[in-house]
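The values are calculated or read from the model by the stated rules, or taken from the named source; none is laboratory data. All of these numbers come straight from a predicted model, not from anything done at the bench. Reconstructed Cβ throughout: ideal geometry from the backbone, glycine too, with neighbour counts over all protein chains shown. Side chains are part of the model used for accessible areas, which takes the heavy atoms of the whole protein and leaves out ligands, DNA and RNA. Shrake-Rupley method; radii C 1.70, N 1.55, O 1.52, S 1.80 Å.
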Amino acid sequence: MKKCELTVQIMLGGPSKRMGTDKALVTLGGKTLLDRAVETWNHYGAGVQLSVGAPERKALAPAGTLAVADIYPDRGPLAGLHAGLRACTTRWMLLVGVNFPFLTPAQADTLVDAIGDADACVYTIDGVPQPLFGVYRKRCMSFAETMMLNGDYDIRNLLNWANTVYIPLEDTAPFRSVDTPADLEEAENLI
């Protein structure tokens, strides 16, 4: 796969209950997590789109950035993946959670290089797949839709439907997520 055949979708997440406020808008090192993510991924592949969940959150998108609302609301990240694959104009999509500010294009390159003819490629940490940072082929959209119509909203289960390449990850530092005020404080100390 060539990177120009890939769209990056930044997942803004849901209600951010553990953070207490919209995590896409919390500030880390003087920038919101959303601004950091757009800055990191804006020039990777064919461009960036945002998975905003509810239509009213489209206003969060910076000018010129496509904001994609879920077609099937309240079904979590699987609905964001589905809507994103439907909206993107490329054959492939890189999913990136906004709450992972330490992930870089170098980690994405490994996924892109490893996917081959598979449908999906994700890292694993201690054997657990990390689906919110992965490369997905456009045909995963139909898997996601079938799952949601059958009441299964777990994005990890999509990896069982798809032909998935798993890459064990030794260095988990880039996967440090910012989901709570304590996580944010820790991340601030690392910036």
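Only one of these conditions is not met by PRO62: (1) farther than 22 Å from LEU111 by Cβ; (2) open to solvent by 20 Å² or more (accessible area, probe 1.4 Å); (3) outside any loop (DSSP other than H, G, I, E, B). Which number is it?
PRO62 satisfies all of (1) farther than 22 Å from LEU111 by Cβ; (2) open to solvent by 20 Å² or more (accessible area, probe 1.4 Å); (3) outside any loop (DSSP other than H, G, I, E, B) except (3).
Go over the candidates LEU50, LEU34 one by one and state the one that is in contact with a helix residue (DSSP H, G or I) (Cβ under 8 Å, 6 or more places away or on another chain), surrounded by 17 or more Cβ atoms within 10 Å (Cβ to Cβ), part of a strand (DSSP E or B) and among the aliphatic types (A, V, I, L, M).
Exactly one residue qualifies, and that residue is LEU50.
Out of the residues in the range 3-21 meeting the condition of being open to solvent by 40 Å² or more (accessible area, probe 1.4 Å) and assigned to a loop (DSSP other than H, G, I, E, B), tell me which one is modelled with the lowest pLDDT.
Only one residue fits best here, namely PRO15.
Could you figure out which of (1) outside any helix (DSSP H, G or I); (2) at pLDDT 95 or above isn't true of HIS43?
Condition not satisfied by HIS43: (2).
Could you pull out the residue among GLY76, GLY80, GLY53, GLY84 that is touching an Asp or Glu at 6+ places or on another chain (Cβ under 9 Å), modelled with pLDDT of 95 or more and under 22 Å from MET148 (Cβ atoms)?
One residue alone meets the criteria, GLY80.
Name the residues in the range 145-176 that are polar (S, T, N, Q) and either part of a helix (DSSP H, G or I) or modelled with pLDDT of 90 or more (or both), would you?
Hits for the range 145-176 are THR146, ASN150, ASN157, ASN160, ASN163, THR164.
Any idea how many residues of the range 66-89 are open to solvent by 50 Å² or more (accessible area, probe 1.4 Å) and either more than 22 Å from ALA46 (Cβ to Cβ) or of a type in the set (A, V, I, L, M) (or both)?
Selection size over the range 66-89: 5.
Do we have ALA120 as open to solvent by less than 40 Å² (accessible area, probe 1.4 Å), under 15 Å from the mean Cα position of the chain (by Cα) and under 15 Å from TYR72 (Cβ atoms) here?
no
Using the structure shown, decide if PRO101 is farther than 28 Å from ASN150 by Cβ, of a type outside the set (A, V, I, L, M, F, W, C) and buried (at least 19 other Cβ atoms within 10 Å of the Cβ).
In short, yes.
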